[in-house]
Amino acid sequence: MRNGMLVLLAGLSLALWNVPAHAEIKVIEADGSYVMGDNDSKVDARRIAVQEAKGKALELAGAFVESLPQVQNYRLARDEVKAYTAGVLETEVTAEQTRGDAERPEIYVRVRYSIDSDVLLQQIDRYRESEDLKEQLLASARENMALKKERDALVKQLASEKDAARAGNMRKKLDSVLAREEANDDTNRVWTNLAIPLEDADDGGQELKQADLDRSAIVLERVVAIDPRNQRARYLLAAVYQRQGNQSAAEKELRTAIHHNPSNPAPHVKLGLLLRERGKYQEAMREFHFVERLRPHNVLTIYYSGMTFKDMGKCGKAVQYLNRFLKDKRTEKYTRKREQALVAVEKCGGERPGRHKRVRQE
């Protein structure tokens with residue numbers, strides 16, 4: 001496990017939604033243990049015990065979150081509740097010891113989650129209102145479930161294996177599975193602490209300290225070295241590189257993420273924004289059009305396409321897209337983008353939705 005992960009960006013605030021006036025702090029604790037067999041290492045035994053404890057704690061945390069009146073009103077599926085909860089919690093290992101005897105030592109750990117209901121509900125609102133972010137969290141949760149099944153199967157096989165060479169190969173596979181589980185945990189922690197929204201990646205956000213960005217990059221670089229297909233890690237690493245001013249490295253990470261999973265819209269949107277920022281408008285539009293084919297009613301992709309058409313001097317197309325954005329009631333929360341869209345439409349000689357005026361053609 002990578003226990004050296006530091007708390008990043010404590011001053012980074014999230015957008016506020018309607019939440020209870022008085023926060024409820026809920027402490028969730030759970031334990032996990034693993035009895036070592038002849039083929040087990042103490043290091044892997046501890047890692048397995050930690051993952052077991054975290055799984056139990058997440059189940060308890062998910063049940064608590066499900067019981068909150070606000071969450072009950074959302075009518076979320078249990079898998080969604082667990083995915084959202086996993087996306088905002090950080091695990092603290094509070095106890096650890098070796099039990100049993102020399103022949104069958106048992107590794108025991110205890111973990112703790114502290115849940116601030118106000119903060120949790122704010123972030124769940126963010127997840128619910130972002131189709132892309134919700135998709136990333138659910139994909140991560142599905143991967144963790146698959147990894148746990150693979151780990152359980154390997155542990156069972158390892159316990160009964162008598163051949164030393166085959167047991168060694170199984171330990172290597174088990175180490176790889178555990179490393180991917182831990183990499184997902186690290187990615188979730190960075191995601192929570194950085195709080196760089198998928199859907200608002202071009203708004204700049206608050207100023208981040210260089211030391212915080214550097215620590216984030218170190219963690220995420222380690223994650224993608226362990227699990228090259230981890231798209232959330234690559235997306236975050238691209239965002240960190242971009243904040244550091246390393247646009248080429250950011251573009252490389254996004255293209256690598258797209259190569260591993262071309263149908264995931266999130267890196268396409270982020271790459272399109274990066275290319276637009278670098279003045280590569282045609283390339284940016286290819287990314288936005290790709291996402292639009294996947295998500296034809298995604299209001300933010302419509303906005304980005306409209307603003308990029310304006311940058312290209314194609315005012316007819318710009319007004320067409322931006323008026324679609326402005327007419328959609330879902331955009332009311334995007335105050336800044338609505339203001340920018342209105343200015344762009346007027347500069348193009350267009351008219352706000354509901355009025356009729358000749359649009360200056362490109």
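All of the numbers you see were taken from the coordinates with simple rules; none came from a lab. Everything numeric in this text was worked out from a predicted model, so none of it was measured. Cβ coordinates were reconstructed from backbone atoms using ideal geometry, including for glycine residues, and neighbour counts include every protein chain displayed.
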Given charges at beta-carbon only (K, R positive; D, E negative), |dipole| of the chain in Debye
1620
Which pairs, out of Lys134/Lys327; Lys173/Lys209; Lys56/Lys134; Lys280/Lys327; Lys149/Lys209; Lys134/Lys172, put more than 31 Å between their alpha-carbon atoms?
Lys173/Lys209; Lys149/Lys209; Lys134/Lys172
Among (1) 12; (2) 22; (3) 8, find the value of percent of Cα pairs over 40 Å apart that was calculated from the structure presented, and write down its label.
(2)
From fewest to most C-beta neighbours within 10 Å, the residues Phe290, Phe309 line up as Phe290, Phe309
Expected sort for Arg189, Arg255 with the fewest Cβ neighbours (10 Å cutoff) up front is Arg255, Arg189
Any aspartates and glutamates whose Cα falls less than 18 Å from that of Lys314, other than same-chain ones fewer than 8 residues away, would be Glu277, Glu283, Glu287, Glu346, Glu351, Glu362
Selected from Arg47, Arg142, Arg180 as most flexible by GNM, with the chain as the system and alpha-carbon contacts under 10 Å
Arg142
Can you list residues whose amide H is under 5 Å from Ile115's amide H, if they're 5+ apart or on another chain and H is modeled 1.01 Å from N?
Lys26, Val27, Ile28
Value of [θ]222 nm, deg cm²/dmol, for the chain, DSSP H segments ≥ 4, -39500 (n - 2.57) each, nearest 500:
-20500 deg cm²/dmol
Specify which residue in the list Val50, Tyr108, Val345 is farthest towards the positive end of the charge dipole of the chain, using unit charges on the beta carbon of Lys, Arg (+1) and Asp, Glu (-1), about the Cα centre.
Val345
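Test of understanding: what is the full-extension gain from Glu90 to Glu106, defined as 0.36 nm times their sequence separation minus their Cα-Cα distance?
Values: separation 16, 0.36 × 16 = 5.76 nm, distance 2.51 nm.
Value of the extension gain: 3.2 nm.
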Cα atoms only: what Rg and Dmax, in Å, come out for the stretch 25-195?
17.6, 55
Furthest towards positive pole of dipole, Val88, Phe290, Gln157, structure part the chain, Cβ charges
Phe290
Out of the stretch 98-129, which GluC sites (Glu not before Pro) are coil in DSSP terms and have no more than 12 other C-beta atoms within 10 Å?
Glu103
Which residue, Ala45, Ala257, Ala183, tops the fluctuation ranking in a GNM of the chain built on C-alpha contacts under 10 Å?
Ala45
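By counting other Cβ atoms within 10 Å of each Cβ, how are Thr192, Thr98 ranked from fewest to most? Kindly include the intermediate steps, with their values, before the conclusion.
Values: Thr192 18, Thr98 12.
Listed from fewest to most nearby Cβ atoms, that is Thr98, Thr192.
I need to check one value: relative contact order of the chain, counting alpha carbon pairs closer than 8 Å and at least 6 residues apart, in percent. Don't skip to the end; give the middle numbers.
Values: 484 pairs, mean separation 47.0, N = 362.
13 percent.
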